[in-house]
Amino acid sequence: IIGMMEKEMEYRVEMFNKLTHTCFNKCVENKYKDSELNMGENSCIDRCVSKYWQVIGWISSLRFI
């Protein structure tokens with residue numbers, strides 16, 4: 001059981017890292033003008049994360065069919 005828990009944790013960490021990398025590269029400019037995200041970047045990241053989780057949900061539901 002502990003081995004399964006470790007695999008699940010590794011999967012979730014990998015998924016989170018992919019989400020972070022994907023949405024950051026898609027939404028944040030490389031120029032770093034400000035120390036905080038602007039409104040456009042925040043909106044983009046919100047939409048990106050929402051779509052990412054939606055797709056993960058679809059994929060997860062297909063695994064059990």
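The values are calculated or read from the model by the stated rules, or taken from the named source; none is laboratory data. Since this is a predicted model, take the numbers as computed values, not measurements. With ideal geometry, Cβ positions are generated from the backbone for all residues, glycine too; neighbour counts draw on all protein chains shown. Please note that ligands, DNA and RNA were not included when accessible areas were found on the heavy atoms of the full protein model with its side chains. Shrake-Rupley method; radii C 1.70, N 1.55, O 1.52, S 1.80 Å.
Figure legend. Inter-residue proximity from segment 7-23: first residues aliphatic (A, V, I, L, M), second residues in a helix (DSSP H, G or I) and open to solvent by 80 Å² or more (accessible area, probe 1.4 Å), beta-carbon distance below 9 Å, spacing 6+ or different chains. Indicated pairs: Leu19/Trp53.
Here is a check on your reading of the model: is Glu14 of a type in the set (Asp, Glu), out of contact with any Cys (no Cβ under 8 Å at 6 or more places or on another chain) and open to solvent by less than 90 Å² (accessible area, probe 1.4 Å)? For Glu14, the condition - of a type in the set (Asp, Glu), out of contact with any Cys (no Cβ under 8 Å at 6 or more places or on another chain) and open to solvent by less than 90 Å² (accessible area, probe 1.4 Å) - is not met.
Within segment 9-36, track down each residue that is in contact with a helix residue (DSSP H, G or I) (Cβ under 7 Å, 6 or more places away or on another chain) and outside any helix (DSSP H, G or I). Across segment 9-36, the qualifying residue is only Val28. Just the residues that are without any contact (Cβ under 8 Å) to a residue 12 or more places away in the chain and surrounded by 12 or more Cβ atoms within 10 Å (Cβ to Cβ), please, taken from segment 25-50. Of everything in segment 25-50, those that are without any contact (Cβ under 8 Å) to a residue 12 or more places away in the chain and surrounded by 12 or more Cβ atoms within 10 Å (Cβ to Cβ) turn out to be Leu37, Asn38, Asn42, Ser43, Asp46, Arg47.
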